[in-house]
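Have a look at the structure below before the remarks.
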Amino acid sequence: DGYFFPKVPAQIFAAGEQARVPLLAGWNSEEANGRQLLRGEPTPDSVRAVYGRVFGARAAEAEKLYPFGTTDEAAQSLTDVAGDRFIGFSTWKWLEEHGRTSNQPVYRYLYARPRPAPVEAGVTANLAGGVTRGPGNAPPPPQARGAVHSAEIEYAMGNLPLNKVFGW
């Protein structure tokens with residue numbers, strides 16, 4: 001915008017022009033779900049096709065980092081890929097650059113505690129935070145595989161008693 005960000009943030013951090021303060025940042029274990037990459041049940045062939053589309057010539061490397069030997073392993077790996085693409089990698093890169101150019105400590109977290117089930121009747125927890133109240137036309141989302149995007153906020157801010165939706 002030329003004011004708040006006088007340059008592209010990557011340029012600011014590469015030049016060490018950011019605020020030189022300690023940095024705490026991280027991501028959650030289910031920032032995004034693999035269903036956005038693959039509809040239906042994961043099979044070796046369908047996951048391999050996703051990796052080819054997402055990683056191109058580096059798909060074989062991705063297979064080593066995100067294995068898919070079983071259906072459950074494939075579902076978890078697709079969730080990990082989706083979360084890393086959404087926010088995991090960019091947050092990791094931000095922390096790396098800040099540590100490299102600021103001479104300040106960086107603190108990384110991986111938050112993995114799923115929210116408990118809702119206690120209110122007619123409430124469905126959304127995968128990326130928030131809830132849907134009342135009967136809807138869409139089926140409820142499947143059970144989360146981990147801590148969805150924003151699930152750490154109530155814990156980090158000490159607001160558990162204020163959110164009456166979940167059975168903390």
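The values are calculated or read from the model by the stated rules, or taken from the named source; none is laboratory data. Predicted model, so just to flag it, every value in this text is computed and none were measured. Every residue, glycine as well, gets a Cβ built from its backbone with ideal geometry; the counts of neighbours run over all protein chains shown. Accessible surface is based on the protein model in full, side chains and every heavy atom, while ligands, DNA and RNA are left aside. Shrake-Rupley method; radii C 1.70, N 1.55, O 1.52, S 1.80 Å.
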*Do we find a residue being in a helix (DSSP H, G or I), in contact (Cβ under 8 Å) with a residue 60 or more places away in the chain and open to solvent by less than 60 Å² (accessible area, probe 1.4 Å) anywhere in the stretch 103-114?*
no
_Condition first: free of Cβ contacts under 8 Å to residues at least 40 places away in the same chain and surrounded by 12 or more Cβ atoms within 10 Å (Cβ to Cβ). Now tell me which residues in the stretch 115-125 satisfy that._
T124
